[in-house]
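The values are calculated or read from the model by the stated rules, or taken from the named source; none is laboratory data. It should be emphasised that the depicted structure is a prediction, and the values quoted were computed from it without experimental measurement. All Cβ positions, glycine included, derive from the backbone under ideal geometry; neighbour counts span all protein chains shown. Each accessible area value is taken on the protein alone, full model and side chains, heavy atoms only, with ligands, DNA and RNA left out. Shrake-Rupley method; radii C 1.70, N 1.55, O 1.52, S 1.80 Å.
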Amino acid sequence: MKNKIQVMLVEDHPKYRKVIEMALEDDPSMEVFNIFGAAEVALRHVQDLHECAAPDVVLLDLNLPGMSGLKALPWFKEYIPDTNIIVLTQSDAEADVLCAIQAGATGYLLKSSTVRQIKEGIRTVMHGGSTLDGKVAKFIMSTLNERVPVHVQKTALSQRELEILTLLSEGLVKKEIGDRLDIAYGSVATYTRRIYEKLQVPNAPAAIGKGYRTGILPTKK
């Protein structure tokens, strides 16, 4: 069993790459697996990796020289399917967010995120969750509000599950939700799994999207 979370960074900006590298190396629970400045080079490296040798998490920029992060994402999922992919980018464009989630990203963070938020996002996906930048979550909310159908679909979400789904839509991670509701992290994780099961979705971004499309989450006036 690995003692540290192995993180691969695919980022072409040298200064930002160094900031993330130093932050990860400074965390006793994480370790830099490898760093690449181009998606093609990273894909060649992981293509022949055995499952046990693959990184736990890939932090993937979208705006890369040559192959973009969006085009590379499906290949990462094919070569290292059990690895969590967190998009770490400057882009909050609707198309980029939705395409990344549909391609299998388990998280979408903006480069304006703090180092603490990035590391918390890594821990979240390693515990089976998804991480979504607060700004992106609000953007998805406002976008999906315009697409809510007239007929509201009823669900069997409990009041507590609805509270947690609402907080997820605001960009909070499980630890923050536990603090807000004064319940244990494990309880939040259990409620979150039930939400995914009831909504038949794989992760938080998908749950938020379905929440607004079906009217489970109220639209803003």
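Report, by chain and number, residues whose modeled amide H sits under 5 Å from the one on T131, excluding near sequence neighbours (fewer than 5 apart, same chain).
Answer set, sorted by chain and number: G107, Y108.
Under a cut-off of 12 Å between alpha-carbon atoms, report the aspartates and glutamates in cross-link reach of K198, not counting same-chain residues fewer than 8 places apart.
Qualifying aspartates and glutamates at Cα under 12 Å: E161.
Can you send over the carbon and sulfur percentage of the accessible area for the chain, probe radius 1.4 Å, protein chains only?
Numbers: 5840 of 11230 Å².
The value for the chain is 52 percent carbon and sulfur by accessible area.
Among L59, A39, T131, which residue has its Cα positioned farthest towards the positive end of the charge dipole of the chain, with +1 placed on the Cβ of Lys and Arg, -1 on the Cβ of Asp and Glu, and the dipole taken about the Cα centre?
T131
Leaving out ligands and nucleic acids, note down the accessible area per residue over the chain with a 1.4 angstrom probe, in whole Å². Mind showing how you got there, number by number?
Details: 11230 Å² over 221 residues.
That works out to 51 Å² per residue.
Taking 0.36 nm per residue of sequence separation and subtracting the Cα-Cα distance, how much length would be gained by fully extending the chain between M22 and R160, in nm to one decimal?
45.8 nm
I'm checking a number: the convex hull volume of the Cα atoms of the chain, normalised per residue, in Å³. What is it?
Details: hull volume 27.3 nm³, N = 221.
About 124 Å³ per residue, rounded to a whole number.
Give the aspartates and glutamates whose C-alpha is closer than 18 Å to that of K18, dropping any in the same chain fewer than 8 places away, or say none.
Cross-link targets: D26, D27, E31, D61.
Please compute the modelled spin-label separation between T114 and K4, points set 7 Å along Cα→Cβ, answer in nm with one decimal.
2.4
Assuming a ≥ b ≥ c are the square roots of the Cα gyration tensor eigenvalues, decide whether region 1-125 counts as rounded (a/c under 1.5), prolate (otherwise, with a/b larger than b/c) or oblate. Could you put the intermediate results ahead of the total?
Working: a/c = 1.37, a/b = 1.08, b/c = 1.27.
It comes out rounded by the Cα gyration axes.
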